[in-house]
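Below is one structure, written out as structure tokens; the observations come after it.
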Amino acid sequence: MFKRIMVALDGSEPSMAALRVAMDLAVTLGAELHAVSVAQVPDYPATVGEVQEAHEEAAQRFKSVHDEVHRIAAPAGVEVVSHILVGHPAETLVTYARREKIDLIALGQRGLSNVQRFFLGSVSDRVAHHAPCTVMIVKESSA
């Protein structure tokens, strides 16, 4: 069924709830877990240095999140493939899922206001609409 599960991690509580559910599924199904974080490219960077700076800041922030994933996964016997990527989050996650032949994407639900959701859309909404596989959006209270 699901042999390659991807969880999108940004360090927020909703993404950590998605991690807990994805980890449980990986243990139950004997699946490989892909932990993926995306350092968002500034919308209008003035310089290449701004893009590099954003990537470096995100790499530092996400490293501790990914270290925690590996710490939790090791005793459970779950194989984890861990990546910190750079780009626009939804597009990068969908591209990764397609390239790596992911069977299931687990994401935390994002609490955007209705106005923000109308203008920006959320990462979870965009991934759900464009993903090449099943998408599970985890609410904090369900984990």
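Within the range 11-27, work out how many residues are touching a residue at least 60 places away in the same chain (Cβ under 8 Å) and over 10 Å from VAL138 (Cβ atoms).
3
Residue-by-condition table, conditions (1) more than 17 Å from ALA97 (Cβ to Cβ); (2) of a type outside the set (A, V, I, L, M):
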| residue | (1), (2) |
| --- | --- |
| THR28 | yes, yes |
| GLN40 | yes, yes |
| VAL51 | yes, no |
| ASP67 | yes, yes |
| HIS70 | yes, yes |
| VAL80 | no, no |
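What's the number of the only condition in (1) of a type in the set (A, V, I, L, M, F, W, C); (2) over 15 Å from the mean Cα position of the chain (by Cα); (3) at pLDDT below 90 that ALA39 fails to meet?
(2)
Can you run down the residue pairs with Cβ atoms below 6 Å, 6 or more apart or on separate chains, where the first is in the range 49-66 and in a helix (DSSP H, G or I) and the partner is surrounded by fewer than 13 Cβ atoms within 10 Å (Cβ to Cβ)?
As it stands, the answer is GLU50/PRO42; ALA54/PRO42, since those pairs meet every condition given.
The values are calculated or read from the model by the stated rules, or taken from the named source; none is laboratory data. These figures come from a predicted structure and were not determined experimentally. When we count neighbours, we look across all protein chains shown, and the Cβ atoms used for this are built from the backbone with ideal geometry, even at glycine.
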